[in-house]
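Below is one structure, written out as structure tokens, with a few remarks after it.
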Number of protein chains: 4
Amino acid sequence: LNKHKIFNDPVYGFVNVPYEIIYDLIEHPYFQRLRYIKQLGLTHLVYPGALHTRFHHALGALHLTTQALEILSQKGIEISSEEKKAVSIAILLHDIGHGPFSHALENCLIPNISHEQISLEMMEVLNEEFKGELSLAIQIFKNVYPRKFLHSLISGQLDMDRMDYLNRDSFYTGVSEGVIGFDRILKMLIVHNDALMIEEKGVYYHKSVLSAELMLIQILNRAKHLAAQDIDLFCTPALSYFLYNNISIDEIKNNRHHLNTFAALDDSDIHTSIKQWQFHSDEILSKLCRMIIQRKLYKVEIQSQAFDPKAIASKTETLQIPNGKEPYFNFLGSISNTAYDLSTGSINILLKNQRTIDITEASDNLNLHSLSSKVVKQYWAYLPMRYTSI
Amino acid sequence: LNKHKIFNDPVYGFVNVPYEIIYDLIEHPYFQRLRYIKQLGLTHLVYPGALHTRFHHALGALHLTTQALEILSQKGIEISSEEKKAVSIAILLHDIGHGPFSHALENCLIPNISHEQISLEMMEVLNEEFKGELSLAIQIFKNVYPRKFLHSLISGQLDMDRMDYLNRDSFYTGVSEGVIGFDRILKMLIVHNDALMIEEKGVYYHKSVLSAELMLIQILNRAKHLAAQDIDLFCTPALSYFLYNNISIDEIKNNRHHLNTFAALDDSDIHTSIKQWQFHSDEILSKLCRMIIQRKLYKVEIQSQAFDPKAIASKTETLQIPNGKEPYFNFLGSISNTAYDLSTGSINILLKNQRTIDITEASDNLNLHSLSSKVVKQYWAYLPMRYTSI
Amino acid sequence: LNKHKIFNDPVYGFVNVPYEIIYDLIEHPYFQRLRYIKQLGLTHLVYPGALHTRFHHALGALHLTTQALEILSQKGIEISSEEKKAVSIAILLHDIGHGPFSHALENCLIPNISHEQISLEMMEVLNEEFKGELSLAIQIFKNVYPRKFLHSLISGQLDMDRMDYLNRDSFYTGVSEGVIGFDRILKMLIVHNDALMIEEKGVYYHKSVLSAELMLIQILNRAKHLAAQDIDLFCTPALSYFLYNNISIDEIKNNRHHLNTFAALDDSDIHTSIKQWQFHSDEILSKLCRMIIQRKLYKVEIQSQAFDPKAIASKTETLQIPNGKEPYFNFLGSISNTAYDLSTGSINILLKNQRTIDITEASDNLNLHSLSSKVVKQYWAYLPMRYTSI
Amino acid sequence: LNKHKIFNDPVYGFVNVPYEIIYDLIEHPYFQRLRYIKQLGLTHLVYPGALHTRFHHALGALHLTTQALEILSQKGIEISSEEKKAVSIAILLHDIGHGPFSHALENCLIPNISHEQISLEMMEVLNEEFKGELSLAIQIFKNVYPRKFLHSLISGQLDMDRMDYLNRDSFYTGVSEGVIGFDRILKMLIVHNDALMIEEKGVYYHKSVLSAELMLIQILNRAKHLAAQDIDLFCTPALSYFLYNNISIDEIKNNRHHLNTFAALDDSDIHTSIKQWQFHSDEILSKLCRMIIQRKLYKVEIQSQAFDPKAIASKTETLQIPNGKEPYFNFLGSISNTAYDLSTGSINILLKNQRTIDITEASDNLNLHSLSSKVVKQYWAYLPMRYTSI
């Protein structure tokens, strides 16, 4: 065997061809013709870069499928090597029935026949040529195979077909709005009750950032509390100035020295202090500092209703926090996703007739969507249990 | 003058410093300290790449502002060079009052004082040092300058601050969901009644793709109509086969030859024919072919209610289309944005407690948003007037 | 076990932590401190983006190593899972001994002690803490383990340390000259006689492009040969014009029709003809056309001396090519890498003293290197044996 | 005027069409046909992404030319608006004479006629149609216009044609080795004696990184010198430990405490100290610290021979450095570009016949070039004059 099993994809980089039969199917004239069928029909007349073809899309979807199968296997979902090969074949050939200009001429050149029907016919022909090696792939493609999540990888809300074309179309048109974090979504895939879905941890992932920042605030609060009692704290002169004094905005306005001392501060003043405060005799300060330096972040719980303080109290008891010191370790609060706070103004579109409309009324708002997300309020509780992440 | 006026930004590439005073402000210790203040506080504990600083963000926002001012000038919005310089100074210094760890410690290290207040104090100090050269910048920053759209570039729904940080935070965290088409939005900016907004044309831009595809379909329809009358048409043997015969799915299933002839087709069979059909004696065919080859695409009108056929008819009269042939040239229809058709299934999240919820219920759905856009139905009419685009 | 085993890298995307112990080592304070040690010392004063740290570099080098081990395994190099884990540990910790500002202060803060020595000491301490689990990693790190290629992955001409930092430094400084095709190089790695090297096929990869183009030329030559004998050939009218007539530049200048006919040609005229010519009665034409449509490209042999025609002839005999028709199937020739042909001019640098020097004399020409590659002449022979590639 | 003057390029983002006539030329059928002529002929058979066309390349080269003209103007090179328009036209049309499959079939379809000759003929025809508006563009294209550097932008060692195709071909093939820092090169362009060349400053740009690092070393040296005299220095306990003690590698090996104290150090220990040392009573220490915090970096001089110490001494006299303290402020030394130090090993290629050869012998080494740069030794002197950069 001396076949090249690698190809170069501008979207994903170097990519492997995972099976011998995949290589042979790629070589087949049915598949080679996809080189000359543009993925997006005439889109290139408006976006000149959109010259990519069904050939490249099929290989890209294959690549994502290979990765998804690998990830699911690593998570303990049992998928036999026969099933893996069959899914790979099915995704490779899912669009093989497309004709000239893909969707643009579908049902026009040959009326009343969809590309999926022709794909299926071609798969049956190839199955004969390859002596039955495509039988399982065809079952999965037709969704008659019992393990339904395998079909979902080819066609469904989280399928690899869409995952590839959203990326690929963005790449070649230069319209970045379609970019999705395919890599991230792939890593979060899981199978539950034979259905493909997304793991929770991925969804709440960035909450641990807030956890770290809440700890930092408590550290400074505690340090100022100690400073107010004239307890000694290692720190740079500039930081010392603000820990041991309370400066008002008027004082800042009237005395240049305050402002210049503030201007001597940056992240490193805080960081060097926290490193040293790990060994301070005040238990609360040192505990919080050790937690943040060693990145033992709080565990977060999130819900759409406010937390019941009693429920929190009961958890805290088990955590051996010095009496009365819970406020340094438990945090309750709420956040909203505030990329664009619509209450403070809106984005308007200037129509050609010089009328203006709000962006949310514009009919084609999909592409500007990230500028106008709706606000969701959430309540959270951070508790001092270890939350692991790198 | 021998100052370097260029810097290198991984996000935007090489970038110019537009004014002498901007260079001098960058050199000032107040500004240089921003090198050591992380943009995203402790986010790097979760996303290790998020080490970028307020220094880099301020330079990036300056770069976008320089571009926005240039684009607005090119569109005929009069902005004096003094105003341009002032806006540039204001955006450069908009975050200069941030202290250690940016927002994470705001209102904590110095209680009750926001970073904007300190920014303003520092700008006043710098204004003294630079002998009043920042006065206009300060007016714009405080939004007391009459031309309000200039302030909107610094703070508002379309400001350059947000435009930069959405891009920059995505770049450094590696989370692509925040990527916006800043380049595209910048190019669409316009000022109307002293307010910053977005031009309509940008919003409807990709509709002309659909226009081209509708024309292509009419060409094939006309060609098949002529073929049915045994009129001669230049084309490849494989295309000829499907123009002059009507093949059903059953025939395809039963006769391998049909499928193999279909497999001989690709985009180039259609394209070479259309090039030749420009000179065909049938006026409708040749007119449609010339339009698409020369990219004289239809003009599209879009509205959220269905079109009134009479209104269409009245427009058509003025266009000298052969009597009874309007259906080849006017198209009415509707589309929905169908990235994910929620009617056919939903995306589920698997919670840690093994319960599943729909993605639209997940509290942190922002990042997966592109997978679940709401469906908007629109009605369109394409009319044979020239729609220009490259 | 409920540990996050994934992190987000702006350079490579989402990345897995491959072993439990790797996760625990990342959590160790020795390793966490690398978060605060910049990879490039003070480089950020000149390239503001260069804020990345040893922490991220170590994780990146780990990621590339995981991939390299996987690729070598797939090629049949036996590497035990113990060896894989040990190499992963060794690359993760290879820079753990770096102190503040990395190389900038090496041998200064603690004179005469290199960071490698401290790395080794820390690895020994960690080995105690982890009860000997790092013993094999330390052997490989010290290059005392018999299988030397494993050490080469950590330190050598093709090591993953360098592979990561060349990429990463480019990414964060925004200087694209350092970008290497790491993905490509990884895929080409092979082990031979216990040494890490690069497979030949990768090196000669793009030669098959030339192969395809030579075949295309022969097809047109053959078609013109047949046209000269008035043999019928399916093609578009415009292509026919140039196949059946010989047009000179003077004729083009004097008769607008020639130019306009030429302007009617594009790739698709050739492509549709070749598809049809696969079935032409001329054996040479049809054979060449089938070869290119089915992508059975020539095999290429390359050497730095000219080929001996007799050697070629002897190979050809075995290939059953019609007598006297070899010139259509065998090609001899030579090429040079001609990115910039220095014989036609040079690139000059304008010095501050207004003197000019050639770029190859400039002391710091590394970054402009791609503009002045030296010319290498090669001789090639293409022979009609199948050369596989996608 | 209601023409779209913008298009979307995956390589450069949104791009403007600078002149009305450029728009009209793009609309001309001669130019529109370039949409169907692949830039790289049959390369897509090996690199499936290489489907980009002459149309897109011409627009890209136009974009770079617009930028280059703007940059040269900003540097004071006088270029009239007529000249700018003419160069823009000439670069847009430089490849308009290409036929099917570009270079692959050049001289084959129409023997003995180059694409440049046809480009010129088409430009003459267009000049008639546009009533002489292309006359100056044609002069520049033919290099008969007196200002030769304008032709160099279209054809020469630094032309925008090559600048675009190196980028574009890399982008679409996915082979990153061809990526050049086009943005950087554009910014460095200058005209001298009517010839296009590169400014020196760009070439030596990154030397100021070394400057900063040399200053940092001197700061630590001075601090240790003061510590040896028991002079008090603000610093963190961990840094203090290494400033006031000399620790050997044996001590580190034998006493865990040394190693753990070292492990408490990171960049911030040094940075907070340097900020404070700006105000130390030792003049040398405080001067060096102020220089680095305010980024007043040394000026560097570089030459290929060693420096004469007397010449350095004479420069130093004028700089009022305390007697005998020059070693803290003047640095002499040498560096080599050491991406890959060939003295410590080489990169081997494993041939199919199992022979190995050095990468520098491989005939096709262009693509792996960055792995084997030749070593250039340079001598440098850093002197305490201000070197400005951001």
> Within the stretch B:192-206, is even one residue more than 30 Å from B:S155 (Cα to Cα), modelled with pLDDT under 90 and in a helix (DSSP H, G or I)?
Replying inline: no
> Counting only residues that are at pLDDT below 75 and in a helix (DSSP H, G or I), which one in the stretch D:170-181 is farthest from the other protein chains (Cβ to nearest Cβ)?
Replying inline: D:G178
> Which residues, counting only those in the stretch C:235-260, are buried (at least 16 other Cβ atoms within 10 Å of the Cβ) and not aliphatic (A, V, I, L, M)?
Replying inline: C:C235, C:T236, C:S240, C:Y241, C:F242, C:H258
> Residues of the stretch A:122-149 being closer than 18 Å to B:F262 by Cα and buried (at least 20 other Cβ atoms within 10 Å of the Cβ), which ones?
Replying inline: A:M122, A:M123, A:L126
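Listed here are the residues, each with its yes/no results for (1) without any contact (Cβ under 8 Å) to a residue 12 or more places away in the chain; (2) closer than 15 Å to D:K38 by Cα.
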position: D:A86; (1), (2): no, no
position: D:I96; (1), (2): no, yes
position: D:F101; (1), (2): no, yes
position: D:C108; (1), (2): yes, no
position: D:S119; (1), (2): no, no
position: D:M123; (1), (2): no, no
> Within the stretch A:12-27, can you find the residues that are aliphatic (A, V, I, L, M) and either more than 14 Å from chain B (Cβ to nearest Cβ) or assigned to a loop (DSSP other than H, G, I, E, B) (or both)?
Replying inline: A:V15, A:V17, A:I21, A:I22, A:I26
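Quick check on this structure: which one of A:I26, A:I89, A:I113, A:I96 is more than 30 Å from C:P18 (Cα to Cα), crowded, with 23+ Cβ neighbours inside 10 Å and β-branched (V, I, T)?
Step by step, each of A:I26, A:I89, A:I113, A:I96 is checked, and only A:I96 is more than 30 Å from C:P18 (Cα to Cα), crowded, with 23+ Cβ neighbours inside 10 Å and β-branched (V, I, T).
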> In the stretch D:240-259, how many are of a type in the set (F, W, Y) and within 10 Å of chain C (Cβ to nearest Cβ)?
Replying inline: 1
>> Step by step: first the residues of the stretch A:274-291, then only those that are in contact (Cβ under 8 Å) with a residue 24 or more places away in the chain and not in a helix (DSSP H, G or I), then the one that is nearest to D:S240 (Cα to Cα). Which residue is that?
In response: A:H280
>> Quick test for you: out of A:I71, A:I79, A:I118, pick the one residue that is among the β-branched types (V, I, T) and buried (at least 21 other Cβ atoms within 10 Å of the Cβ).
In response: A:I118
> Within the stretch B:207-239, can you find the residues that are part of a loop (DSSP other than H, G, I, E, B) and either touching a residue at least 60 places away in the same chain (Cβ under 8 Å) or more than 12 Å from chain A (Cβ to nearest Cβ) (or both)?
Replying inline: B:Q229, B:D230, B:I231, B:D232, B:L233, B:F234
> Has the stretch A:155-163 got any residue that is in contact (Cβ under 8 Å) with a residue 24 or more places away in the chain, part of a helix (DSSP H, G or I), closer than 30 Å to A:L51 by Cβ and within 14 Å of chain D (Cβ to nearest Cβ)?
Replying inline: no
> Could you say whether any residue in the stretch C:3-10 is farther than 21 Å from C:L166 by Cβ, buried (at least 17 other Cβ atoms within 10 Å of the Cβ), away from chain D (no Cβ under 14 Å) and among the charged types (D, E, K, R)?
Replying inline: yes
> With respect to the numbered conditions (1) in contact (Cβ under 8 Å) with a residue 60 or more places away in the chain; (2) in a helix (DSSP H, G or I), which one is the sole condition not fulfilled by B:F55?
Replying inline: (1)
>> Within the stretch C:28-49, does at least one residue satisfy the condition of being out of contact with any Asp or Glu (no Cβ under 6 Å at 6 or more places or on another chain), modelled with pLDDT under 85 and in a loop (DSSP other than H, G, I, E, B)?
In response: yes
> out of contact with any Leu (no Cβ under 7 Å at 6 or more places or on another chain), among the small types (G, A, S), modelled with pLDDT of 85 or more and more than 30 Å from A:H94 (Cβ to Cβ): does that describe A:A223?
Replying inline: no
>> Going by what's in this entry, would B:L109 be described as over 25 Å from the mean Cα position of the chain (by Cα), modelled with pLDDT under 90 and within 14 Å of chain A (Cβ to nearest Cβ)?
In response: yes
> Do you know which residues across the stretch B:248-273 are touching a residue at least 12 places away in the same chain (Cβ under 8 Å) and hydrophobic (A, V, I, L, M, F, W, C)?
Replying inline: B:F262, B:A264, B:L265, B:I270
> Going by the conditions given, is B:F262 of a type outside the set (K, R), more than 16 Å from B:F234 (Cα to Cα) and away from chain A (no Cβ under 12 Å)?
Replying inline: no
> Can you name the number of the only condition in (1) of a type in the set (D, E, K, R); (2) modelled with pLDDT of 90 or more; (3) buried (at least 18 other Cβ atoms within 10 Å of the Cβ) that B:D282 fails?
Replying inline: (3)
> Taking A:E124, is it in a helix (DSSP H, G or I), more than 21 Å from the chain's Cα centre (by Cα), closer than 30 Å to B:R222 by Cα and modelled with pLDDT of 90 or more?
Replying inline: no
> Based on what the data block shows, is A:L69 within 13 Å of chain B (Cβ to nearest Cβ), in contact with a Lys or Arg (Cβ under 6 Å, 6 or more places away or on another chain) and part of a helix (DSSP H, G or I)?
Replying inline: no
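The values are calculated or read from the model by the stated rules, or taken from the named source; none is laboratory data. Quick caveat: nothing in here was measured; it's all calculated off a predicted structure. Positions of Cβ are backbone-derived with ideal geometry, glycine not excepted, and every protein chain shown enters the neighbour counts.
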